[in-house]
Amino acid sequence: MRKHIALGVALASTALLAACGGGDPAPEETTAESPAAAEGSGAELVVWSDAEREEAIKAAAAQFEADTGATVTVVQKNFEDLRADFLAQVPTGEGPDITVGAHDWLGEFVESGVVDTIDIGERGADFEEVTLEAFTYDGQLYALPYAQEAVALIQNVALVGDQAPATWDEMIQMATDAGFAERPFILYTSGAKGDMYTSYAFQTSFGAPVFVQDESGSYTSEVGMGGEGGLAYAQWIHANGAAGTGYFTDTVDYDIGNELFATGQSPFIVQGPWTIPTYQDAGVEVAVGPIPSAGGETAAPFVGVQGFYLSAQSSNALLANEFLANYMAADEAQQALYEADPRIPALTAVAEQVADDPVIAGFLASAQNGVPMPNIPEMGSVWDFWNAAQIALINGEDPASTWTAMVENIEGTIGG
C-alpha cells in the first residue's frame, strides 16, 4: 500500500494551499522570489526543538533568514515536554509555528486540531516511503520526516557467520548447527510484561497487522489481528513457548537479553540500534539485517519516525511550509540532523550515504521492510491486551481462545 503515498502527498498540497494561501495556486518552484519568501520580511517563525537538534535547525534557518528576511527563533525544550506543551499551548495562540516530534503523536494532534497539513511537493519522492506514511493521516501529510528507526535481526558473526537467514526455520537451523539447539534465539519480552513492539515483525509475517491500512497508507480503526493469520501467529508463539520448543520464556528483560547475547549464550536477537554499543563493547562482532519471516510473508517491523509538525494556529503557515519544504528538507539540513541525532535519515540520499556502515545498512534494510507504528488514538487501547496475550501464549495457554479474547477485548474497548 505504501506505493500510493506519492499520490497522497500530492493531494495534501491542495488542502495546505487552501488553508494557508487562500486557495491561490502554488508556484511551480518556491524560491527566494516566491510569494512565500516575499512575505518573509519582518516575519518571525518560532520552532520548538530539543537540545540535540537545535543547532542543526539554526544552521538551516540562517540561510532561510538570508533568503527571506524572516527571523527564525528556536526555543529549546525537553523532548518529554513537547507533546503536552504543544497540545496545551497551540489552542491558546501561544504555541510555536513548528515543533519537532514523533509520528505516533499525530492521531492525537489531528483529533485535537493542533496541526495543519504540509506540502513538500516533488520533494516527497526523495524520502523513504515509510517515513511519509508515518506522518499521513486520512490521506494527508502532516509533518516533514527527518529520521527513522526500527528493530532488526542482530547476529553474532563469530558464532554463525554473517549470512542473514531469510526464514525463521533457516535461522533456527543455523543456530542449531552452531551448537545452540536449546537457545537458538533470544525473544525480548520485557520480562513478564510482554513486548509486542519488538516482536511485531514476526506477526506481520503471518499477515496479521495490528490495524488495517487504507490505500493512502493511513491506518484505520479496523483491527487486523483476527482471522486465520492472527490465529496462526498465536499458534506459532505457543509452539515455541513452554508447551513446545521452549525457545520463548517470560524471563527476558532488557538487561538479561543483552547479557545473553553479549556473552555468546545465543547467536541471534531482535533488537534496536541502541543495543549495538553494548554488544560491541563486549567484543562481539555483529551483523545486522532484516528480520526473517516465520509465517511466509515479509516480516515488517514497526518503524518510528521523527519529524517537524506545522501548527494549525501559525500566522505564517505558508512561510513555515516554505522553511520545511525547501530548507529543512534539503540534503545539507538532513545530514546535519543525522549528525546531531544519529538515527537513520528519512531522506533516501542521506540514508544511503550513512549506510556505508554495514550496521546502519542492516537497520535501514529492516526499516525498508517495515511499517510505521500506528499513529491513530486507538493504538492506546491495544498494548495491555496484546502484551498480556503474548505472555499467556508463551506460558502455554490455549492459542485460539487467548488470541480471540484479545481481539474481542481490543475491539470492545475501541468501540466503547
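The values are calculated or read from the model by the stated rules, or taken from the named source; none is laboratory data. Bear in mind that the values here come from a model prediction, so they are computed numbers and not experimental data. So basically every Cβ, Gly included, is an ideal-geometry build from the backbone, and we count neighbours across all protein chains shown.
Please work out which residue is nearest to the chain's Cα centre (by Cα), limiting yourself to segment 247-271 and to residues that are buried (at least 21 other Cβ atoms within 10 Å of the Cβ) and in a helix (DSSP H, G or I).
Filtering first and then ranking leaves Gly257.
Would you tally the residues in segment 105-124 being closer than 14 Å to Pro377 by Cβ, assigned to a loop (DSSP other than H, G, I, E, B) and not hydrophobic (A, V, I, L, M, F, W, C)?
1
Right, Gln390: modelled with pLDDT of 95 or more, crowded, with 17+ Cβ neighbours inside 10 Å and touching a strand residue (DSSP E or B) at 6+ places or on another chain (Cβ under 9 Å) or not?
no
If you check every pair at least six apart or on different chains, which have Cβ atoms under 8 Å apart with a residue in segment 195-210 that is without any contact (Cβ under 8 Å) to a residue 40 or more places away in the chain and in a helix (DSSP H, G or I) first and a residue that is basic (Lys, Arg) and surrounded by fewer than 23 Cβ atoms within 10 Å (Cβ to Cβ) second?
Listed by first residue and then by second, the contacts come to nothing, as the list is empty.
Which residues, counting only those in segment 220-246, are crowded, with 21+ Cβ neighbours inside 10 Å and either at pLDDT below 95 or part of a loop (DSSP other than H, G, I, E, B) (or both)?
Met225, Asn240, Gly241
I'd like to verify a number: residues in segment 83-104 that are under 18 Å from the mean Cα position of the chain (by Cα) and assigned to a helix (DSSP H, G or I), how many?
3
Which condition breaks for Glu397 when tested against (1) outside the structural domain of Glu111 (by TED's automatic domain parsing); (2) in contact with a strand residue (DSSP E or B) (Cβ under 9 Å, 6 or more places away or on another chain)?
Going through (1) outside the structural domain of Glu111 (by TED's automatic domain parsing); (2) in contact with a strand residue (DSSP E or B) (Cβ under 9 Å, 6 or more places away or on another chain) one by one, Glu397 breaks only (2).
Just for segment 314-357: of the residues that are among the polar types (S, T, N, Q) and assigned to a helix (DSSP H, G or I), which one is nearest to Ala66 (Cα to Cα)?
Residue satisfying both the conditions and the ranking: Asn326.
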